[in-house]
1. Putting +1 on Lys and Arg Cβ atoms and -1 on Asp and Glu Cβ atoms, find which of A:150, B:189, A:492 reaches farthest to the positive end of the dipole of the protein assembly as shown.
2. Highest mean first, how do A:268-280, A:314-326 rank when packing is the count of other Cβ atoms within 10 Å averaged over residues?
3. Take chain B, drop everything but the C-alpha atoms, weight them equally and run the Debye formula without solvent; then report log10 I(q)/I(0) at 0.07, 0.14 Å⁻¹ to two decimals.
4. If each DSSP helix of 4+ residues adds -39,500 (n - 2.57) and the sum is divided by the residues in chain A, what number results at 222 nm, nearest 500 deg cm²/dmol?
5. Report, in cubic angstrom per residue, the convex hull volume of the C-alpha atoms of the range A:13-183.
6. Can you list the equivalent-ellipsoid semi-axes of the range A:397-639, largest first and in whole Å, using the square root of 5 times each Cα gyration tensor eigenvalue?
7. Dividing the alpha-carbon radius of gyration of chain A by 2.2 N^0.38 Å (N being the number of residues), what value is obtained?
8. Roughly how many debye, to the nearest 20, is the charge dipole of the range A:425-509 about its Cα centre, given +1 on each Lys and Arg Cβ, -1 on each Asp and Glu Cβ, and no other charges?
Amino acid sequence: MRRRRSARRETRSGSRLFATYAVASLLPVGALGLLLLSGTRDDATKQGQDQGKAQAAVIAEMAIAPALDDADLTRGVTAGQRDSLAKATDLALYHGSVLRMRLRNFNGQVIFSDDGSTSGGVPVGDPAFQSASNGTATATLVKDPEAPGGQIIRVLQPIFARASGEAIGVLELYLPYDKIAARLHEQMTVTYRRLGIGLGLLYLAMGLISWSTTRSLRRYAARQEHEALHDGLTGLPNREAFRQRASAAVTDRRDGAGGAVVVVDLNRFKEVNDTLGHHAGDELLRVITARLRTALRTEDTAARLGGDEFALILPGLDPPDVRALLERVRAELTREMVLDGVPLTIEASFGVALYPAHGEDVEQLLRHADAAMYQGKRGAADIVVYAGERMAHPTQWLVVQAELRHALERDELVLYYQPKIRLADGAVCGVEALVRWQHPERGLLPPSEFLPAAEQSGLIEPLTTWVLRRALADQREWTAAGRDWTVSVNVSARNLESAEFGPLVVGLIEEFGVAPGRLTMEITETAAIVDVEIARQALRALSALGVGLSIDDFGTGYTSLARLRGVPLTELKIDRTFVDGVLADPENQAIVRSVVTLAHGLGCRVTAEGVETAEVAAWIAESGCDEAQGYLYSRPVPWADVPMMEEVR
Amino acid sequence: MKALALSLVAVALVAGCGSASSPAATAQAVDNGVPFDQALHDKLPPSVRNTGTLRFVTDASYPPMEQFAPDGRTIVGFEPDLADALGRVLGVKIQMVTGPFQTALDRVADGTYDGVLSAVTDTEEREKKTDFVDYFSAGTSIIVQRGNPSAIAELTNLCGHVVAAEQGTVQADLLHRSQSGCGDRPMQINQYKTNADALLQLRTGRAAAVLNDYPAASYLAEDSRTSNYYQLASGAQYEPGLFGIPVAKGNTQLRDALKGALDKVIASGQYADLLTRWGVSDGAVKNATVNGALTD
């Protein structure tokens, strides 16, 4: 539907361009028409006058001049000449071919006239008379109410009486104009019609040219736009077009109905590409495209974001309908197909972000849909609807996850330990196990580089297991070396969600034969208050066994204090952000004091994290904290390098 | 053709201007014309000096010597231009007046006009009526219709044909004198008041030939307006003679003044210039003569 609408828009802008051309070309054609018309009218008038002059010239030469023979008009004409003149002109006058006639000498005297009068006529001073006196005939249209058509032609014609070409006088002739006018009118009509048809055809030709030009331009522009916005292989909209359409869909929501932005990832595409070749890969993408088109409604949009990644816009659907539609799409996509003679089934992961529920920004929706899709890839579900921030992760985690898996197998991880100092006597009372990754290419990586990725995948479980085993193994060694340090291990919320975690820890304690009290599980504030029953049970079981429970980074989460009540805690660790600036900031001081009070009230120890100076350490000790941790004492180091109590001091 | 007509008009305008301007005052100032000559002016008869005008009669149907301009009223040609040049030297205005050729000498003799400037051949016969101041040399040619349908090559071929000529011309005389050679096949010699009337006869096939002076004849045969209808029967010029300005006998003052003026015009080169302009250089004379008729 969107595509159709945009096509209509292109047509509309094209026809507007065409209309502009049409109007613009109408102007010159119209101007040309007016020019030609006025020219034709002028020509016709002149033609009429010329015809009158031609008639007069013939009359003068053939009727008047021969009759005058040898006359000297300054002296008048003889009776014989008068007779000849009368004879020569009688018929023409009688039949109306000539309406009036006067023969005048250069002084203007009327020597002869059709009705015998010697008065009247054009004044001698009239330019027409002067012109005729000087040898040039003039024709003028004059009004005559009695004449048919109301107009007659007056011609003043010099008379060249003799073969020598000598002029002897002026002939004043009045000729009927109605017949000339009628014929001219007829000619004009014909000319007008031809002109009209000709200009019409010209306009039509210009119109056709501009129409075809605008059509070519329109097509070219449409093709350019299509190429800019579509994927060459599948013909689907590309990422850019997807963005435009998605943002239009999000903005254009009608009736307030929401919809979904879906990211689709083919699960075995790389495999197909690698085994059957790129040609088969392309073919696979084309088949998938066709299937997407079949399964989707007309108002939906499918786009190819790149590689084997597709995206869908499903406007105007409720979440259940989205799921139903996607089920149909999945069924269609996963139908068996044959590529190069190899039957195969492609599976796809669908990540769904609903708008407006999950945002109204296309990038955000895409990120959320992506997150949901990866979540799906991790689990068994093929269609996963975005379910909040926890899903968010950067894409490169996939790489990290893959590498981390190898790292676990190749034993590239190492454990470092940071000592906790008992403030009462300054002795090392325990260590926190911190995992490091001895990456073959990137060197020693801190946990921030890979832990989030691990947390998002099932990898966190083997990772935590590895950390626990190594920590317990190390503890056994330092115990043998005469150190009675407890060891703290960070545990992810995901670990707690797993039903196997509790038994695992119990099993390890037994296996390594350590006292449960010398092991502490550090969990984040958020993880501590999860509503998952399994997690609660795990925490209770470990607590019952005597394993310590510590809340890490206390004060940075959003814990309701009420929730803390049910958790059997042994330690609260004040986050470094409060500790770091505690000397300068009275608010931090207040917070630290309060947490100390709170912790002691709950029956917990309080550990300050991030202690870097002796002054801070002094203040912390004075405020009532039990233990401290930080660079002042030691960075995380292999356990053998953890400084002894005396060295710390 | 149009260009020619325009140039004719232009010449007419120049001539008109020349004759219209006050001659004594402006003659010296204007262009390359021959300067006004006071001595010659003083030789003019007192009546002419008083009026400042000389009236020469002409039959303006003899291009390129003289003809009517397209307006039918102005006379243009070699002779009007020559008259203008002479007038400038003499410091008088010379008017060209149209009149019949046949009676022109009589009108001069009786004092109606001061002279004739109309390609008048100076003959002994005519010298009996008037004196002549001669300014040009030409013979007679035979004009026939283009294609020469009557196959006329020389005078004797005219026998048995209708031949037209202008009344009172040497050509009419020549025809009459040639009649004797025709024996029992005489020519029918028709004479007309103007040369144009005679040519009209030839143009319409009512005459087989017209006799003209050579300049007029060759002009007819070559001018684009007339060459479709006329041609010369041959290149021959019969009875060559001088053209002169007839002046009343006894009016020696005018005669001598005109001769003097003509010599001045010839000497100044303007004469040659005018001859060239009108394409009649063949008829140039070296100097003016009085009563130079060749004896028969």
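Throughout, read-outs are computed from the coordinates displayed, never taken from laboratory work. None of these values were measured; they are calculated from a predicted model. Neighbour counts are summed over all protein chains in view; Cβ atoms, including those assigned to glycine, are modelled from backbone coordinates with ideal geometry.
1. B:189
2. A:314-326, A:268-280
3. -0.26, -1.00
4. Value at 222 nm, helices only: -16500 deg cm²/dmol.
5. 149 Å³
6. Listed largest to smallest, the semi-axes of the range A:397-639 are 27, 21, 19 Å.
7. Values: Rg = 54.7 Å, N = 649, 2.2 N^0.38 = 25.8 Å.
Against the empirical 2.2 N^0.38 Å value, I get 2.12 for chain A.
8. Computed about the Cα centre, the dipole is about 160 debye.
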